[in-house]
Amino acid sequence: MSKSSHKFQEEIQSVKTFEQDLKKDREEYIIDVLEYTHKSSDDVYRDLSIGELLMRDEWNEKNPQTPEEIHKFYKETKNYLFDLGNWHFGSHRRFDVKLLAFCLKSRPKKVLDFGAGIGQNAYMLAREGIEVVVADVDSYTLDFAEWRFKKHHVPATFWRVDREPAPNEKFDMILCFDVLEHIPLEEA
């Protein structure tokens with residue numbers, strides 16, 4: 001087998017492994033949300049299936065206009081756990097799997113996940129032995145992510161970008177997905 005064929009087979013195996021982990025990862029996430037939110041399983045399953053609608057309705061109800069209001073919205077919303085859970089374990093999973101396979105192939109030692117949300121990508125990387133810094137605004141969502149990492153003894157560093165100075169470190173890779181559309185134009 002040629003060197004390129006061998007590398008291709010390794011990449012395919014990484015993708016298959018992450019895809020096989022989907023059911024286990026999703027179940028673990030649901031158990032964690034149940035424990036963290038103290039909601040019933042019926043409520044959690046329902047809210048995960050309609051997470052995007054919950055976020056949309058909450059956004060429309062609160063109608064944040066100023067950068068301060070938008071920032072406050074993302075700090076306080078609890079529905080992001082469901083919207084992002086549905087995102088990572090639903091239609092977005094294929095992207096996450098390919099991203100993680102690429103990251104493993106690149107062999108980074110240290111990764112910054114900027115705008116990490118529930119921290120799912122960082123969580124999967126950290127479980128593979130990569131040192132991760134999980135960065136987002138100080139929020140209910142980031143609190144959940146940190147709680148989840150600690151619960152499962154998955155090592156990571158957390159950076160609350162609106163409260164703490166930037167780490168004086170170098171990273172082999174920086175992830176920043178689906179973040180810019182959440183930043184008010186005045187701050188971009």
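Of the residues K150, K75, K62, the one with the largest accessible area comes first in the ranking K150, K62, K75, computed with a 1.4 Å probe on protein heavy atoms.
Run through every distinct alpha carbon pair of segment 31-112 and return the Kirkwood hydrodynamic radius in angstroms, one decimal place. Intermediate values should be presented prior to the final figure.
On the way: mean 1/r = 0.0678 Å⁻¹.
It is 14.7 Å.
Excluding K170 itself, what net charge comes from residues whose Cβ is under 11 Å from its Cβ, given Lys and Arg +1 and Asp and Glu -1? After counting each charged neighbour, the total is 0.
Take the Cβ-Cβ distance between E69 and L22 as r, set R0 to 45 Å, and report the resulting FRET efficiency rounded to the nearest 0.05. For R0 = 45 Å, the calculated efficiency reads 0.80.
Over all pairs of different C-alpha atoms in the chain, the reciprocal of the mean inverse distance, the Kirkwood hydrodynamic radius, equals 17.5 Å.
Taking Cα atoms of segment 82-150, Rg/Rh with Kirkwood Rh, to two decimals? Spell out each step's value before the answer.
Values: Rg = 11.7 Å, Rh = 12.3 Å.
Across segment 82-150, the Cα-based Rg/Rh ratio is 0.95.
Taking the C-alpha atoms only, the angle from helix 67-76 to the longest principal axis of the chain is near 70 degrees.
In this structure the amide hydrogen of E128, modeled in the peptide plane, comes within under 5 Å of no amide hydrogen from residues 5 or more places off or on another chain. Backbone amide hydrogens, once placed in the peptide plane, bring V137 within less than 5 Å of V161, excluding anything fewer than 5 places away on its chain. For the listed residue pairs K24/K109; K105/K151; K24/K151, the alpha carbons are over 20 angstrom apart in K24/K109; K105/K151. The GNM of the chain, with springs linking C-alpha atoms under 10 angstrom apart, assigns the highest mean-square fluctuation among P108, P155, P64 to P64. Evaluating 6.51 cos²θ - 1.76 cosθ + 1.60 at θ = phi - 60° for every residue in segment 144-159, the Karplus couplings come out as 4, 4, 5, 4, 5, 4, 5, 4, 9, 6, 9, x, 6, 10, 10, 10 Hz, glycine and proline recorded as x.
The values are calculated or read from the model by the stated rules, or taken from the named source; none is laboratory data. This is a predicted model, so every value here is computed, not measured. Cβ atoms come from the backbone with ideal geometry, glycine included; neighbour counts cover every protein chain shown. Accessible surface is based on the protein model in full, side chains and every heavy atom, while ligands, DNA and RNA are left aside. Shrake-Rupley method; radii C 1.70, N 1.55, O 1.52, S 1.80 Å.
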